[in-house]
Amino acid sequence: MKALIIDDEVNVREVIRYLGQWEKYGITDILEASNGEEAKHIIEATKPEIIFTDIKMPKMSGIEMIEWLDSISYPGKVIFVTGYNDYSFMRQAIKHRSFDYLLKPIEEEPFNHTLAEAVQAWENEHSHSGQEIIDENFQKLRIEQLITDACMGETYKSTDILPYLPSSDQYEMALISFYQMHYAEPYIKALSDELKERKLGNAFSLQSDRNICVIITVCNEWLTVEEWISQKFDIPVRFVSGRSLSSLSHILDAFQFLQEALDNHQYRSIHKLDELHAARRMKDIVSYVDMYYMEELSLEKLSNLFFFSREHISRKFKQETGLPLSKYMTKLRIQRAKQWLEDTEETIYSISLLLGYQDEKYFSKLFKKVVGLTPFEYRKEKKLTVISR
């Protein structure tokens, strides 16, 4: 069995190679590609069963890749490994039947869990020829998509959610916020299984934010849920509860209310983070920014992910890196832009979009302010340097 790793960052490909328990799950060949076009040729030639791909890449994005794979009915399992936590991309991935996705920084346990499931799913489908196999993982992603659509204000049908909940005239909604460096999925699954078994409700991961769990229960049961979490969870979480849902068509209003409460620190802490030294947590934050710098990061978002106040993060981040958060992110983006300008033929407009800048003129102005040259001048100078050698 073959696996293909597609990512334009060499260090990411190396990390995936190192973390994967390949032999354990029957992977004998590990192939690599630095962009979608290169990967396309490898796929046509070798037909790997498992594909790990980034989303934001030059030449051919991960979304364009899975659209092509879907168009040719490719039987392999595609897993996105990305630092770009944007729900619009996730919706496209699900539409084209991606198997799953993982967010950077990549952790060993969730990575190998997903690898094992992908291999098992592929083996199941190819050992039952002629029989239709229900892809449980796809069904899980489907209900997560429905709940995320509801929470993000997208169009959805309440009747599509009802089969996943116990019958009731009215429901209540709660949120759990997980610490960024913890693998939340096993805890969410355990809670979901408990709620379904007791016919109290269900728990769902948000595809727009894997650190948030949405809980929907029948009325007057959220204290029961909180008590169960306190007893069964062995990691710190923040719990915001008790928003009434007179109808499943009102999920957006309830979610916004609970999210605002979380942002304003109106939550109850379960198993506080006393055991993690503050210095270690700041290193976690810097590592997170190093991986997600192409996103729109804010002190508010980091506060919710790492259980520190915005003021504390602002002060300590500058002490740790020597730069405020915004300038540190600009530094990383400019470094990345230089690499793409030197190593690819991507247009300056395309590079600005890849880096999260919607305005090419703004990106060029910022680049010149930092580097002293416009992106065009920088690329031209580097090419002349190569020729002169």
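The values are calculated or read from the model by the stated rules, or taken from the named source; none is laboratory data. The model shown is predicted, which means the values in this text are computed figures rather than measured ones. Positions of Cβ are backbone-derived with ideal geometry, glycine not excepted, and every protein chain shown enters the neighbour counts. All accessible areas refer to the heavy atoms of the entire protein, side chains included, with ligands and DNA or RNA removed. Shrake-Rupley method; radii C 1.70, N 1.55, O 1.52, S 1.80 Å.
Cα centroids of the stretch 203-231 and the stretch 1-66: how far apart, whole angstrom?
Using only Cα atoms to place each centre, the spacing works out to 35 Å.
Is there a quick way to get the dipole size of the stretch 232-383? I mean about its Cα centre, with the Cβ of Lys and Arg at +1 and of Asp and Glu at -1; what is the value in debye to the nearest 20? Could the numbers behind the result be given before it?
Working: 26 positive and 21 negative charges, 108 e Å.
Magnitude of the dipole: close to 520 debye.
For n ≥ 4 DSSP H runs only, could you compute -39500 (n - 2.57) per run for the chain, divide by its residues and tell me the 222 nm figure to the nearest 500? Spell out each step's value before the answer.
Details: 17 runs with 205 residues, N = 389.
Result for the chain: -16500 deg cm²/dmol, rounded to the nearest 500.
Restricting things to alpha carbons, find the Rg to Rh ratio for the stretch 1-60 using the Kirkwood radius for Rh. Can you show the working numbers first?
Details: Rg = 11.1 Å, Rh = 11.6 Å.
My calculation of the ratio gives 0.95.
Can you give the direction-averaged projected area of the convex hull of the alpha-carbon atoms in the stretch 141-203, in nm²?
Working: hull surface 19.7 nm².
In nm², the orientation-averaged hull projection of the stretch 141-203 is 4.9.
Can you find, among 207, 372, 190, the residue farthest towards the positive end of the dipole of the chain? Put +1 on the C-beta of Lys and Arg, -1 on that of Asp and Glu.
Of the candidates, 372 comes out farthest on the positive side.
Given points 7 Å out from each Cα along the Cα-Cβ axis, report the residue 29 to residue 71 separation in nanometres with one decimal.
The answer from the label model is 2.5 nm.
Gain in length, residue 314 to residue 349, computed as 0.36 nm per residue apart minus the alpha-carbon separation, to one decimal in nm? Before the final figure, lay out the partial values.
On the way: separation 35, 0.36 × 35 = 12.60 nm, distance 3.13 nm.
Between residue 314 and residue 349, full extension yields 9.5 nm more.
Measure off, as a whole percent, the carbon and sulfur share of the 1.4 Å-probe accessible area of the chain, all protein chains present. The partial results should precede the final answer.
Working: 9230 of 19040 Å².
Within the chain, the accessible surface is 48 percent carbon and sulfur.
State the three equivalent ellipsoid semi-axes of the stretch 118-263, derived from the C-alpha gyration tensor as the square roots of 5 times its eigenvalues, in descending order and whole Å. Walk me through the numbers before you get to the answer.
Values: eigenvalues 141, 69, 46 Å².
Output for the stretch 118-263: semi-axes of 27, 19, 15 Å.
Strictly greater than 20 Å: what percent of every Cα pair in the stretch 266-360 meets that?
Numbers: 1991 of 4465 pairs.
More than 20 Å apart: 45 percent of the Cα pairs in the stretch 266-360.
Charges only on Cβ, +1 for Lys and Arg, -1 for Asp and Glu: so what's the dipole of the chain about the Cα centre, in debye to the nearest 20? If you can, show how the numbers build up before the last one.
Details: 48 positive and 61 negative charges, 336 e Å.
Here the chain has a charge dipole of around 1620 debye.
Quick one: if the Förster radius is 45 Å, what FRET efficiency do residue 126 and residue 227 give, using the C-beta to C-beta distance and rounding to 0.05?
Numbers: r = 45 Å, r/R0 = 0.99.
About 0.50, to the nearest 0.05.
If you build the Cα gyration tensor of the chain and take the root of 5 times each eigenvalue, what three semi-axes come out, in whole angstrom, biggest first?
36, 29, 19
Of 270, 148, 162, whose Cα points farthest to the positive end of the dipole of the stretch 146-270 (charges on the beta-carbon: +1 Lys, Arg; -1 Asp, Glu; origin at the Cα centre)?
270
Give me the tail of P(r) for the stretch 197-337 as a percent: Cα-Cα pairs with distance above 20 Å. Mind dumping the intermediate values first?
On the way: 5483 of 9870 pairs.
It works out to 56 percent of all Cα pairs.
Give 59/383; 59/157; 24/77; 40/140; 56/318 a once-over and call out the pairs whose C-alpha atoms are over 25 Å from each other.
59/157; 40/140; 56/318
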